[in-house]
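The values are calculated or read from the model by the stated rules, or taken from the named source; none is laboratory data. Since the model is a prediction, treat every value here as computed from it, not as a measurement. Here the Cβ is made from the backbone with ideal geometry for all residues, glycine too, and neighbour counts use every protein chain on show. Remember, those area values only see protein heavy atoms, side chains included, never the ligands or the DNA or RNA. Shrake-Rupley method; radii C 1.70, N 1.55, O 1.52, S 1.80 Å.
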Amino acid sequence: MSAYLSARRRWPAALAWFAVAALGISLGAQARPEHRKAVAPATVNGTRAVCRGMAGRLLDISGYGDALRGATAISRLQFQNGLAAIPGLNNAQRSQVAGAFARAFDPDRLRLRIRANLVARCDPVAYRAVLTGLSSPLGRRMRAWQAAAGTPEGARAIQLYLRQSAAQPPSPGRLALIQKLEASRHEFDFLQGLLVVMAREAAIGFGSTPPSDANIRRSLELNLPMAEKVVLLREAAVYRQAPDQDLVRYASLWSSAPFERFSGILAASFDAAFGTSVREAAQAVRPLIVAHGASPAH
């Protein structure tokens, strides 16, 4: 648990569970899962030009650019650790595995892919509204709490808060506000979608059959409750000094139509980027798995 409480971003801690689950279910799945609803791409060149100027700003101002770096590091390590059980690998082969995952989950490459997908799926009206909302005094205050939590000092403060909250937990009303904020941002829908995509693409890369809905449900039932608890408690720590009214207003902002549209586009962009990376990593190490008699196909 301490490894998760010391995580420097909001949802990468939970993503560690999903990365493990995605790898595990990809090695023994039977049928194609359901997927996140597709987001139509932008097709007008002029629109894309406008969106290229907004995509990077959206990642940064929303905090997802920071979260991406933590998520890539955790995902790479979890997938790499999941393959550490392959018997008989020599040092050169282990270096090959490590290199494949380092390339696949390079944060700069993933950021470029996510930005490209944000541009391809661009909704200029929604993007401008999101930038305006997050540039407001409320948006800047909430982003400041998020950014502070990512510093070493902030991480220590959060750990202290969490230790103290074991004896004096947040009130049910306060936790309800935090939960409402998380729901407005679709954090867990975001994570569940990534699980499906990562599991599917890992299976394809390994030469296996994509996971079934039943596999996905079992994995979620096993991993989601604890992931939810960890993230909600940490969010309570991140926003521990934010007034209740700010939490209410920020949740309302993310529940508005432009933010809902942006959340869907962002999720689809992360799915596409991470899915490509997972497949690349699996394809790179598949020959080693097959050579050592550990084929993932069942």
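Rounded to the nearest whole Hz, the Karplus-based 3J(HN,Hα) values (6.51 cos²θ - 1.76 cosθ + 1.60, θ = phi - 60°) of region 95-108 follow the sequence 5, 4, 4, 4, x, 4, 6, 5, 5, 5, 10, 5, x, 5, with x at glycine and proline. Near Ser212, the amide H atoms lying under 5 Å from its own belong to Gln30, Ala31; only residues 5 or more places off or on other chains count, and H is placed 1.01 Å from N.
The distance between label points at Ala92 and Arg140 comes to 5.8 nm (points 7 Å beyond Cα on the Cα→Cβ vector).
In terms of accessible area, using a 1.4 Å probe and ignoring ligands and nucleic acids, Leu160, Leu68, Leu177 rank largest first as Leu160, Leu177, Leu68.
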